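**Student:** Have a look at this one before I ask anything.
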Amino acid sequence: RHDVDLRVGGNGVDRDLGTTRFFRQRRKPLHGFTLIEMMVVLMLIAVAAGMIVPRFVDRAATAALREAGRDLYTTARRAREHAVTRRRPCRLVIDAQRGRFDLLVEDDPTRRPGQYRPVRRAGARRSGLDRSIRFGRIRIALPDDAESARFIQFDPMGMATAAIVEVTDGRRTWSLVVEPGTGRARLIDGEVDEMPAGRIDLDA
């Protein structure tokens, strides 16, 4: 006759049942994301992207417009400086259809008057606008013997053709203003309605 030890902790059945009960208590149910939870997360991501992305796009467009205005302004300044220092007339030619502008100098005023060539100089080369930028209104004071003009004339005496040239991205506009009496250029954030007068600014 053999006795079976049924006490807890013994080698009998209760020990096996206790082990099984222990593993059942340790086991935790696995939970996943529901469809509603995933939709809520995706909606929050879409809202955040809708708020952040337009800001980056707007900053990039503003930077491109500012760069185009500065390039045009720098070319106008160099046109005046080149005309005064080289004693030769210069032209800032505007090609609105192609979105380009070019700095030209009269080749030989004595032998070949009226013939212009591009200025071969760093920073004074032919430039073009970014694809997102275009020319707006172009207002250039016409000479007495011309019906139309798409260039701003800078002469060796420091004077120039009165002009306002706008560059725009469709929302904002920068304006290049050339004073006729001094030939000086100004870059203005916004549109300019009044053409510059033919006065000489002695304080400039």
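What follows is calculated from the coordinates using simple rules that are stated; it is not laboratory data. Predicted model only: the values in this text are computed from it and were never measured. When we count neighbours, we look across all protein chains shown, and the Cβ atoms used for this are built from the backbone with ideal geometry, even at glycine.
**Student:** Once the other residues with Cβ under 14 Å from the Cβ of Y73 are scored (Lys, Arg +1; Asp, Glu -1), what is the net sum?
**Tutor:** Values: positive: R66, R70, R77, R78, R80, R184, R186; negative: E67, D71, E81, E166, E179, D189.
Result for the neighbourhood of Y73: +1.
**Student:** With r as the distance between the Cβ atoms of Q97 and A63 and R0 = 25 Å, compute the FRET efficiency 1/(1 + (r/R0)^6) and round to 0.05. Numbers along the way, then the final one.
**Tutor:** On the way: r = 25 Å, r/R0 = 0.98.
That gives a FRET efficiency of 0.50.
**Student:** Also, quick follow-up: If we count other beta carbons within 10 Å of each Cβ, what is the order of T74, T34, fewest first? Don't skip to the end; give the middle numbers.
**Tutor:** On the way: T74 15, T34 9.
Exposure proxy ranking, most exposed first: T34, T74.
**Student:** Peptides 93-102, 186-195: what's the order by average Cβ count within 10 Å, highest mean first? Let's see the in-between values first.
**Tutor:** On the way: 93-102: 16.4, 186-195: 12.8.
Put in order of decreasing packing, that is 93-102, 186-195.
**Student:** If Lys and Arg each add +1 and Asp and Glu each add -1, what is the summed charge of the other residues whose beta carbon sits under 9 Å from the beta carbon of I94? Before the final figure, lay out the partial values.
**Tutor:** Details: positive: R100, R150; negative: D95, D102.
Neighbourhood net charge equals 0.
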